[in-house]
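As structure tokens, the structure follows; a few thoughts come after it.
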Amino acid sequence: MVVGKQFLNRYGRHVVLAAVLLCISSPALAQARFGFTVGPALSKVSGDEIAASDAQWGIMIGLNVEYELTRDWQIDIEFGLSQKGGDKVETPDGIFDYRFNYIEIPLTVSRMFWLNDGPWAISPFAGLSIGLNSGCSIRPAGERKVEFEECSAATPGGKTVSQMYGLPIGIALRRRYPGGSSFAVEARYTAML
């Protein structure tokens, strides 16, 4: 796992950028569908200085581009906002509850299971994502009546969460519309690398 993390830290941005550039090339755009995605997201924070004992639910919302490989398989690139976090995150300075907002770019492969050969499909997916932290909040663990405070460089574990790589897996209910657009409601779990 350490070798994979070193590879992603060194080349992860390049891999995602190459995939995005490949997918927005002219021939690829001719086969693309543009859509909107929304749904719950489950994640568990981990890093060099922090590790959560409990996963945290959040919400994700984004715009996506779907590239149909066959009627039943597609590649998706999404540009979205995703909430992540963890409860009971152990740090050298104590135990805290975290909430992170990421601008996330997942690249996933989806298998479409069409419902009655219509425009609706159940679609399990998996892939790789990169996320850039756009906000963080923290509070002492278990203190439900205490408001979250904004994170800073001095926050326990704060310097380890500026970007993240993850392995998103999930399932979506997708609707394709005539003319090349789509809508999906999905549930996603992201295992952070």
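Report, by residue number, each residue of region 81-104 that is in contact with a Phe, Trp or Tyr (Cβ under 9 Å, 6 or more places away or on another chain) and surrounded by fewer than 21 Cβ atoms within 10 Å (Cβ to Cβ). Those that are in contact with a Phe, Trp or Tyr (Cβ under 9 Å, 6 or more places away or on another chain) and surrounded by fewer than 21 Cβ atoms within 10 Å (Cβ to Cβ): Leu81, Gln83, Asp87, Lys88, Glu90, Arg99, Ile103. Applying the set (1) over 22 Å from Met192 (Cβ atoms); (2) at pLDDT below 85 to Val89 leaves exactly one unmet item: (1).
Of the residues in region 134-143, none is open to solvent by 70 Å² or more (accessible area, probe 1.4 Å), in contact (Cβ under 8 Å) with a residue 40 or more places away in the chain and within 19 Å of Pro40 (Cα to Cα).
Before we move on, is Glu147 modelled with pLDDT of 80 or more and acidic (Asp, Glu)? For Glu147, the condition - modelled with pLDDT of 80 or more and acidic (Asp, Glu) - is not met.
The values are calculated or read from the model by the stated rules, or taken from the named source; none is laboratory data. Since this is a predicted model, take the numbers as computed values, not measurements. Using ideal geometry, Cβ is built from the backbone for each residue, glycine included, and neighbour counts are taken over all protein chains shown. Accessible surface areas use protein heavy atoms only, side chains included; no ligands, DNA or RNA. Shrake-Rupley method; radii C 1.70, N 1.55, O 1.52, S 1.80 Å.
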